[in-house]
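What follows is a short report on a single structure.
The values are calculated or read from the model by the stated rules, or taken from the named source; none is laboratory data. Small disclaimer: the values here were computed from a predicted structure and weren't measured. Every residue, glycine among them, receives a Cβ derived from its backbone with ideal geometry; neighbour counts consider all protein chains shown.
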Amino acid sequence: MGRPSGWWRGKSTPAKVETYTRWSFHFFALLEAISIGLPVFGNMPAARSWAVFLLVCGHSVCCAVAASRALDWTRGTREQPRGTLLALAASTCVTAVVGAVLSGTPWHPASDGEFLVASSLLVGVTAFGTGTVALGTRDRRRMTYVVLGAAAGAGALSLPLGFPGPAAPVTALLVLLTAGFLTFTAAFSVWLLNAVYELDAARETRARLAVAEERLRFGRDLHDVMGRNLAVIALKSELAVQLARRGRSEAMDQMTEVQRIARESQREVREVVRGYRDADLANELAGSQGVLTAAGIDCAITGTAAELPAQVQSALGWVVREATTNVLRHGNARKCALSLRVTRELVTLTVENDGVPREAGPGPGPDGGSGPRRGSGLVGLRERLEEVDGVLRAGASGGVFRLTAEVPLRPSPDTRADTPGKPARGSDEAPRESSVPPVPHPMREATP
């Protein structure tokens, strides 16, 4: 069985706000039972005291049920609870009238204490009931009409219930103020809850747009890499066919060139898929701070990426990008800190956040410690860091998830170049634009 703190931490921010709002309405119902129901004891006979107390408690339960259903309606999870609201309105009238009659009316000569209890019953029950009924209307004009009608009704009822004449306008004014305050509180709480859900939906939409933009970028890069190569392969294949039909020996040379271009294209596609393009660490840090801040996460960055080798910046840039994605996608972080520490021989990047994912319980982590389950993102980062002799550690401890990447500033010789004839990643040598030769026209080349 999970701990209450784990149950609360497992909720998203909108779900937490909704839970808080719902229980606030329930607290108002409990407040009614305590502030109106308990004072009746000691001011009237025990039998009538218990009767009034049970009446008030029953009305409080009705208010709690109606508030919960009205909140579900405002969230769009159920239809408007008209029957419940009408039942609450009837219960409010019955409780206020019967409670006042039992407390002290012309039928029951009232002492000063009983008259005070009767007044508080009429005003309090009407105010709490009106605030709850107004919650189920959603329209501001209707809310105003409900409050004004309740105030006028309470003032009118005070006269036949035996209240003094001057007490009628005072009763109406008290109901107007208390019911208006409760109605405003309920309306503001619902507005705030809806605003939080809308912000969460906007953040999710922004994340989807970012994914779509990344897909478009990947498609554009793939088109840039493969578009010309495929066109060259098609033309050279056509040229080889024309030469072969004429018995020319150059047909074999053209097909050999097609094979070479196909292998080169395969290598270039693999580089695109693996993210061969260098990621600038400074830009990634700035972008990460902007994205996290926009998502409502307090982000702090310490350290600078100036004058770091290009291959180190590329590897750590991908770490920042993946870590930012995980902070947004997993857990429910409120704070995130990115720290870059550079020594003469080692660069250390640390990303910490307080949004520990629910699956990040104790267990074997990537380095044998405590951490989350291994995912493809961390595996990919580890592969990137291994290319520059770096290491990656990730784990949760004390309610904080920490991702640490360490890259030496002097990589081993075998990481300076992936293949013979290919410059090392991040080296000063300019990358080759393409090894594909100019494309001859197939018909001119095939002419004897």
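Here are a few things to note about the model shown:
- Considering only residues in the range 323-341 that are surrounded by fewer than 18 Cβ atoms within 10 Å (Cβ to Cβ) and not in a loop (DSSP other than H, G, I, E, B), the one that is nearest to the chain's Cα centre (by Cα) turns out to be Arg329.
- Hits in the range 364-422 (condition: of a type in the set (Ser, Thr, Tyr) and modelled with pLDDT of 50 or more): Ser376, Ser397, Thr404
- Close contacts from the range 42-69, counting a first residue that is within 18 Å of Leu86 (Cα to Cα) and in a helix (DSSP H, G or I) and a second that is basic (Lys, Arg) and modelled with pLDDT under 90, with Cβ to Cβ under 7 Å and a gap of 6+ residues or different chains, come to Ser68/Arg22; Arg69/Arg78.
- Pairs with Cβ under 7 Å, 6+ apart, first in the range 229-257 and in a helix (DSSP H, G or I), second among the basic types (Lys, Arg): Gln254/Lys236; Glu257/Lys236
- A single entry from Val175, Val211 fulfils the requirement of being part of a helix (DSSP H, G or I), farther than 30 Å from Tyr20 by Cβ and of a type outside the set (D, E, K, R): Val211.
- Out of Asp298, Asp280, sole residue that is under 17 Å from the mean Cα position of the chain (by Cα) and either surrounded by 20 or more Cβ atoms within 10 Å (Cβ to Cβ) or charged (D, E, K, R) (or both): Asp298
- For the range 99-119, taking the residues that are at pLDDT 75 or above and in contact with a helix residue (DSSP H, G or I) (Cβ under 6 Å, 6 or more places away or on another chain), the one that is surrounded by the fewest Cβ atoms within 10 Å (Cβ to Cβ) is identified as Leu102.
- Number of the exception - Gly287 against (1) at pLDDT 85 or above; (2) surrounded by 14 or more Cβ atoms within 10 Å (Cβ to Cβ); (3) under 27 Å from the mean Cα position of the chain (by Cα); (4) not polar (S, T, N, Q): (1)
- When the range 132-172 is limited to residues that are among the charged types (D, E, K, R) and part of a helix (DSSP H, G or I), the one that is surrounded by the fewest Cβ atoms within 10 Å (Cβ to Cβ) turns out to be Arg141.
- Val196 vs. criteria outside the structural domain of Pro14 (by TED's automatic domain parsing), surrounded by 13 or more Cβ atoms within 10 Å (Cβ to Cβ) and assigned to a helix (DSSP H, G or I): no
- Checked against (1) closer than 30 Å to Leu102 by Cβ; (2) not assigned by TED's automatic domain parsing to the domain that holds Ala67, Gly131 passes all but condition (2).
- Residues satisfying the stated conditions in the range 11-41, i.e. more than 30 Å from Leu193 (Cα to Cα) and touching a residue at least 24 places away in the same chain (Cβ under 8 Å): Pro39, Val40
- Any hit, the range 31-41, residues being within 30 Å of Ile297 (Cα to Cα) and modelled with pLDDT under 90: no
- Candidate set from the range 301-322 (those that are over 18 Å from Leu403 (Cα atoms) and touching a Gly at 6+ places or on another chain (Cβ under 8 Å)); member that is surrounded by the most Cβ atoms within 10 Å (Cβ to Cβ): Gln311
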